[in-house]
Every structure is written in structure tokens, then in C-alpha cells.
Amino acid sequence: MKTMFSLLLYSIQLILPFMAILIAYCCFRTLFKSLKPMRPLVVLLNRATGEKIPIMYWENSIGRDRHCDIVLNMPSISRDHAVFYRRKGGWFISDTNSKVGVLLNGKKIESDEKIFIGDVINIGGVALELCRADVLSLKNRESEDADFDYDTYSGGGLLVLVTIFQVLSTLSVCFGSGKFDYKPAVLSGIMLLFEWLVFVVTKFGFKRDNFEIEAIAMFLSGIGVVNLCGVDINDAFTQLIAMALGIILFEIIVLLIKHADFCMKLRPYVAFFALALLAVNLVFGKVKNGSQNWIMIGGYSIQPSEFVKVAFIFLGASTLKGIQTTKNLTWFILFSAACMGALFLMGDFGTACIFFVTFILIAFMRSGSIRTVVLTCATAALGVAFILNFKPYIMTRFSAWRHVWEHPNDIGYQQTRVLTYSASGGLLGLGVGKGCLKYVFAAPSDLVFGMLCEEWGMILGIIVLLMIVLLAIYVRHAGVRSRSAFYTISSCCAAGMMTFQMIMNVFGVTDMLPLTGVTLPFVSLGGSSLVSVWALMAFIKASDERTYSRG
Amino acid sequence: MRNMKFRSLILYFVIFAFFAGLGYYIFEFTRESRDWAFSPVNRHLSNGSLSGGKIFDTNGEILAQTVSGKRVYHENEDIRKAVLHTVGDGSTLISTSVQSRYNAGLFGYNFVTGFGAPDYFSSNQDITLTLDSKICASVSKKFGDKKGTALAYNYKTGEVICMVSLPTYDVNNRPDFSKDTDGKYDGVYLNRALSAAYTPGSVFKIFTAMAGIENLSDAETRKYECEKVKIIDGEKVTCMQNHGKLDLKTALSKSCDIAFCDIAIELGKEKMTRALEKFGFNSSQYFEGIELTKSVYDVNLASKADLGWSGIGQYTDTLNPMHMLKIMGTLANEGNLVEPFVVKSFSVSGAKENQKLTKTSEKSVISKITAGKMKEMMRFTMKNQYNDSLFGGIPMCAKTGTAEVGEDKLPHGWMVGFSYDEKFPIAFVVVVENGDFGIKSAGPIAGAMVKEMHGIFAKSK
């Protein structure tokens, strides 16, 4: 009887990785399948030549520069002359500091002007008439849709898979100690109820059909919560609260950034808020685990730098009009420097690194200039060399790197434990709650990848990582389909930031990189971290063209 | 928007960095996961919660087993202490122990399930050792609070019957080594039989004698002159006594320093080194695949007097006990070495069939003639110098050593030897650290060990 039971429990251990593979497959298949072939939205007809210019994107630059979406090679036209873009209310044109200006139906435009079908815009002498896409005499839509393979999974279906996974993993942790413990089941039950509530609200309340991003994030944060049930049920409860707050914040941000132009107006406030947070942190911050990046509010410790990450992406992103009209990045560079400086003062080098890489991503996405990237890296290298010259003791923090087995009881303590227990778990794991790594300091937060490998198995650990990387690959592919460059930039940079943070975490604890004490997105114990990563997911959600298609 | 498509390619730098790192990590994991899993820091091993196979001694005594989730060792404390270095303590701190070396088999570890496979599937192996745990226990107790090692093996079959290393401790009651200030537990995790090399003192004369026999035509017949003190290039070499004129056989039995000093100087650095390297000095020797601490003979920088001292086992000479045991077995077995081993067999728990280990066959190390001569000389030494009563009348061949290790410390005591009668094929090595004269410290331990083995041997016949 006992043997039968342990075999049953172990069979869960075998099923979980395959469930995870299935969930990842279904979610990402649906996401990638949603990227339908692009069709022209409208057509601009060149009155003089009769050329029909198909408009593919929601935001289009017009100018002489060969990088523009609509290239008009006339000496009278500026390099970046105007931006022609679509919003909820229709199509608009905006002059982006051109020399000769833009005429709409013969009148010079001052700011953004709405254009109707049949209107004529004159750009440096070129007259363009706005026409419907069907002037291109394409195949009709129905037949094209029929050609397209719609083998995808509904949001409800995905959530069913996630639910099965969470029920099974909860069973595993309930019996982890040999006797049945009801608490994880209660916690997991609340989590499932909340997840389904979110599904119902978004599907029927917000009329959104796409649920893949939420399903992926729920799957990953669910693993984090159940994993914590095996360590400390109170921590698991806090994590669940953070997950709920994160989802709520996610929905708020998705609604808030519905209008890209509104986001642009919000930027000064967000910048002020972020800097204020950092300032409060610097003044009132508490030193915890070597870095002063915590503030205490009502018994809860909060890491403001996690929220500044979200603001950082928000401020870095911009609509095409914003990019074309503000050519230099001065304000953003100053803001970034302030953030990174504050993080250095707090002693949080890991997060500073993440900000730096994200800065490079943003700078390149906005400017497209490789020179900027090289210059930034060179400046940073100089800066680091300068700091190390004056504070050489910082290096001692990294002296264990690649030598952890020589210092298993001091500076290599955490890394050696991660390696030894990851190996103990093998590919399939020991069972949730049955590990030894959890007794090591900071295991559920910084070392959580080791816990995943030990208790859930290395296969599952790697799937968790792959899902985050797949998100990055997906946003890169979805890129230009989104409704504004704002979403393209913010989603790519958010995914890049998460991926880089994951690299720092996973390869830090496995001694492939110096250990820096950053969290693994979604899975690590840490309320601020979980809330902020859900907030970052909002950018990815917003970049999905389906998100705002109804309602 | 179009150029966003190109610019977002920068994301692939991060993505490729991830895949490169992941690939390298998986590569490292596949290569090293076993070492990581059995690292001493792993609490799965040290808290003994893993179900593991049994370890038996040669008589079927269970030295270690897992009972309802706990690793349990032999009920007798003396036996637990005596076999600690061979069996291990559950962690991999004693890296040469069987539980460390065969942990994957014992604890059912594999790459795929880690330690996680339920008992139903696990294929824990049992291991049977060649040790006689009772003999080990009584030998170990004889050391009192001295450090050292005692080894004995059957030179015909290779089975190690006794292997103890001191200091030791009780796995069921591990002392707090961090509070050990007087060095009582120095090197407690080392099996001194394998992982130590001591100054050999006079037992080294066996090697010098062999070097002489093989390189000088009149080494045995000529007379060596001992006047207690000899001045070589202004440096003194002293002997215990004024032995007068004596031949090699007598010189070995009386352990005359001057005679062996003369042989070493006459052979010179090059020939001595070549001879000693033939006997296994300065190169890696192995026991069941474990690399032993090297025995060292290095006279590169020696003065003439130093070279003389090197011939009597002082200067910088060091000797590994297991290496010496193999030499003893070789001399006893007409120059052919039967490799010693301690793991007799593996078997899967519950299964009847034993999987015999393939043992290395005999190999010729020392010429039969030299071995025969040494055997007679050591028999002569035993009979005339020490008296057979030490071994209860069992005819043995032996040599003691007293190795000076510093002004204020007692010398290390050695006794090495083997049985004269091949029907009771036993070779032994005993080292007592700071034990004083070899015959006084190592002698009684060797005597008791051989007598006890002989008693059991006679009974089984």
C-alpha cells in the first residue's frame, strides 16, 4: 500500500515536466500562430505617378531617408518629414519638424491632423491621397483567412492545462513530508479561483480573447507559489498576495497604456515618481544582505528598485512621432545615469547591470545606432574601471567566481549548495518540499533555480527558463505588428530585461557568472519582484495587436 | 516602424547569451553532476536519509546499512571506529572510503532520477569487503591514543584483511573537530595507509640492500666496517653501536647504519635513484584505483653524507604504508606482486548472484633471486634479532624501523614483514607515529595482529 502510494507520488514527479512541456508548447504555438501575415491597412495614392503605396503598420515614418517606411526621394522633402499613423479615431498625420511642412487638402497643418479617405496630403510637393486597402485588388479577406492555419488553443483551454499542472504539483507538496498537509491545498485553491476569475473578467468583461501571456505568467508564478509551500506556508501566502497584486497591476497598466499618446504625456510624472522612489530608498533604505535596497512599510519590506524597472521601460519607450521629434536621448540618459548611480550607492550591482543592459536595448531600439551602443559600453567599462580603482574591495565580492569548490563554507557557500543539490535532484527531481537546498540562506529567492532543479527536476527548471526566453523571441517576432513603436520598444525591452535578469540569476548561482543576488523572474520569493515582473508583462500584452482589438 | 524589425534583432544578443550559457551548463552538469551530488556539503548524504545498500565484512558482519530511512553502522563501537576509514561516514569527507567511492551504486544515484527514485525502483548495491572487522577492531585498540596505521593482506589472493588508520572517531558520536586544539584529530579524515607517507627509517634498508644486491657483485660477501661514527666530508654519520666488521645479512639484522650508508654512497645518486624508482618511488602507485601518496626518494641536492643518510631511510626519504605492503607481498611471493584489494564483490540488494570484481593478475616487480635473498635475510633478522616469540612462534620475516622526525618528538616506529610459510600467506605493515623504537611500538601491534590472523587461519583450515 505504502509502495503503491509512493509510486503514485513519484508518477506526479514524472508527469510534471511533460505537463510543463505541453503548456509551453500550447501557449507559444498559439502566440506564434496569432502572428498572421500582414496586410495593408490603407493605401496612399501618389497623385502624380499613380503609384499605390500600401500602408502596413500602425505608425509610419515618411521622408527622404531610406530607413523611412514611406520613402519619398525628393530634394524638397526632409529626411524624416512626417509621421502617418493610426489611432482609435482614425488616421492622422503629424509633421516631425520638416523644413517645408505638410499640407492637408491644401492647408498647412499645425499639429496632428486627422485624415479621411479621399483627403490629400502634400509632403514637399508630393501629393498623396488616402485610399482604402481594397484599391489594391487583393484576394478577398475570407479566402486568405481560409488559407491560414488556425490550429490554436483557446484561453480557457490553456488555463485548464495550467490548472491541472498546479493541482498535481500541489498534491506533490501536500504529501511532501510523508503526511498530508492541507494548507498548500487551500492556498493553491485560492490561487486557482483567482486565476479563473481573472480569465472570466478579461474574456467577458474586457472582451479579450487572447490569454496566452497571462497563462504563461500564471504558470510560472504558480510554480513559485507551490515551491514556497514546501518551504514556509507564510511566505507562500505572501507570494500569492503579491501575485494577485501583480495581476491587478498588470491589468491596470494594460488599460492605462491603451493610448500610446497618453503614455507620452504621462512620462514626466512617471520619471518624477521613479526618482522620488529611489531618493526615498537612498534616504530611508535598510541594508539587507549587503545592499541597501529595501524600505519598510507597515511590516513589509519593499524593494523600490523593482518598480523603477517598470518605470525605466516605460520612459525608454516612445511612439514613432516621439522618436522622430526628439532625436537625442539626453533626458533618458540622465534618468538612466541617476538610476544606475543610485543602485551603485545602494550596493546593488546586479540590478545596476540589468539597468545597464536594458539601457543599451532601449538606446539601440530608439536610435538604431551601433555607434551609440559601442560608445555606451566603452563609457561603462571606463566607469567600472574607475570605480574599481578607488574601491578595489568590490572585487573581493566576486573572488569566488569559478573557484567555489575551494571555498565551500564561506564565499562559495551558496553556489556549491546549488550545484550539489541540483545534481541530487537529477533530471526529474526529488519531489516538491523534499529538498535540502531550502535550508540554505536565500534559497527560495536568489537560489530558486537550484530548488527547482533539486525538487522539480532539471527538465522543469530548464522549461521555466525557456519560457522566458521564448517570450523574448515572440515579442521580437511580433514586433512591428503592434499599434505603436511604444509597444514594440517596451515589449522588446521588457522581455530583454527579464531574459538578462534570468541569465544573471541562473548563471550566477551555478557559478558560470559572478553571483550578484538578483531574482529569477516569477519564481523567486519576493513580492516586489513578482509584482514588477507582472507589470513588465503588461508591456508584452499591450504589444499583442489582439489585446486592444475590441472594447 | 520597419526599422524596428532590424533594431529588435539586438534582443538576440541576450537570447544567444542565454543559450550559450545554458549549453555550457548542461555540458558541465553531464560531466560533473556525480561529483557535485557526492560533494561533502550535500546534506542528503550526511543526514543519512538516503536508502543505501549494505556493506559486509568478509565474515558477513553488516558494517553499514539503511534501516527505515537511517544509515546505521555496526553496533560495536570498536568496530565502527576501526573500519571508519574503509567504510566511510556517509559523507564524502573520507574520500577514499568505500561509501564515497561507490556511493552511486550504494545510494542508487543516477543522472536522471538523482536521489529521487522511490525504493521500489532503486537498485542499491551491497558491497562485501575483504576486511575482518574483529581483527581491525582489536588492532585499532592496540594503538591507544597514538596515531598511525596497520595493514595486513594475503599476498597470494590480494585480500586486505586488516586496514586501520588512527586517529579515528565513532560515526554515531562524531566529535566536534573545531574544538580540537591539541591536534588529537589532525588529519582524521585521511586513511593514513593510503594518503600518508612517513619517514621510513631503518625499514628503508630493505630497499638499499636490494639496490646493493642488484648493482654490486660483492654486496653480500664483503665486510662492512662500523666504528659507530663515520666522518664523510666533515659531516658525521652515526650508528647505534660499534658493530665492527659485518656482512650484509648481519648488517640488516643489527640494522647497522654505517653499512647501508656505505652502500648508498658507493652506488651514488644516479644508481640509487634508478634502483629506488624501479621499486616504485617517485611515481604514482595505486590501490583499487586510488592514487596513493607518493613515496619519495630525492637526492638531487644531497651532500655525500646526505646520500649516506638517504640509504638508511632518513634525509628526505618518505614511504607510503600501502606501497610498502605491496613490496612486502612481492618479496614474500617470489618477486611477483598480487595487487591488494578491499572490495570483494558487489551485488544488487536482494539478488543472490554476486558480481565478482576482476582483479589484476600477478606481475613481476622484483627478480625472483633478489626476493629470495631478501626473504632469507629478513627471516634471519627476525630469528636472531627480534625472536619468534613476538609472533607466538609463527615463522615470520620482518624488519623494524625507527624514523627520527625532529629534535623534540619521539621517532615514528615501523615494523614490516611477511610470513615465511606460504601456507599462511600474510604480509603486514605497521606504523606508529611518534611511537618510539619500532620494536617497542609497532612490534607488539604487529605481533598481536599476525597471531590473531593465524588463529583464524588455522581454524578455517
Scattering profile of chain A at q = 0.07, 0.12, 0.13 Å⁻¹ [log10 I(q)/I(0), Debye over alpha-carbon scatterers]: -0.46, -1.17, -1.31
Selection from A:W196, A:I252, A:L220, by position along the positive dipole direction of the stretch A:178-267 (Cβ): A:I252
In degrees, nearest ten, helix A:2-33 long axis to first principal axis of chain A (Cα): 10 degrees
Neighbour net charge for B:K383 - beta-carbon separation under 14 angstrom, K R +1, D E -1: +2
Antiparallel bridges, percent of DSSP beta bridges restricted to chain B (to nearest 5): 95 percent
Square roots of five times the Cα gyration tensor eigenvalues for the protein assembly as shown, Å: 79, 32, 23
Inter-centroid distance (Cα atoms) of the stretch B:217-238 relative to the stretch A:176-224, Å: 91 Å
10 Å Cβ neighbours from other chains, averaged over peptide A:467-479: 3
Most to least packed among B:211-224, A:389-402 [average Cβ atoms within 10 Å]: B:211-224, A:389-402
Lys, Arg +1 and Asp, Glu -1 on Cβ, resulting dipole of chain B about Cα centre, debye, nearest 20: 860 debye
Two-site label geometry, A:D65 and B:K459: point separation in nm, points 7 Å out along Cα→Cβ: 9.7 nm
Distance in nm between pseudo-label sites at B:I369 and A:V100 (7 Å out along the Cβ direction from Cα): 11.4 nm
Ordering of B:23-35, B:433-445 by packing [mean C-beta count within 10 Å, highest first]: B:433-445, B:23-35
Residues with amide H under 5 Å from that of B:I426, placed H, sequence gap 5 or more: B:Y155, B:S419
Relative packing of peptides A:237-245, A:30-38, B:58-66 - highest average C-beta neighbours within 10 Å first: A:237-245, B:58-66, A:30-38
0 to 90° range, to nearest 10: angle between helix B:133-142 axis and chain B longest Cα axis: 60 degrees
MRE, 222 nm, helices only [DSSP H, n ≥ 4, -39500 (n - 2.57), over chain B, to nearest 500]: -11000 deg cm²/dmol
Residue-averaged beta-carbon neighbours from other chains (10 angstrom radius) around A:414-421: 5
Likely footprinting exposure, A:T372, B:T400, B:T96, fewest C-beta neighbours within 10 Å first: A:T372, B:T96, B:T400
Chain A: calculated mean residue ellipticity at 222 nm from DSSP helix runs of at least 4, using -39500 (n - 2.57): -18500 deg cm²/dmol
Rounded FRET efficiency, nearest 0.05, which uses the C-beta distance separating B:L9 from A:V186 and R0 of 56 Å: 0.75
For q = 0.11, 0.12, 0.14, 0.15 Å⁻¹, Debye-computed log10 I/I(0) when each Cα of the stretch B:365-461 counts as one equal scatterer: -0.34, -0.40, -0.54, -0.61
Antiparallel content of DSSP bridges confined to the protein assembly as shown, in %, to 5: 95 percent
Set of lysines with alpha-carbon distance to A:K203 below 30 Å, sequence-local pairs under 8 removed: A:K33, A:K36, A:K88, A:K258, A:K265, A:K309, A:K541
C-alpha long axis of helix A:260-284 to longest principal axis of chain A, angle in °: 40 degrees
Proximal aspartates and glutamates relative to B:K5, as straight alpha-carbon distance under 17 Å, when same-chain residues fewer than 8 apart are discounted: A:E59, A:D65, A:D69, A:D544, A:E545
Residue mean of other protein chain beta carbons inside 10 Å, B:12-21: 6
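A short reminder: the numbers here are calculations on the coordinates, not readings from a lab. Because the structure is a prediction, the values reported are computed rather than measured. Cβ coordinates were reconstructed from backbone atoms using ideal geometry, including for glycine residues, and neighbour counts include every protein chain displayed.
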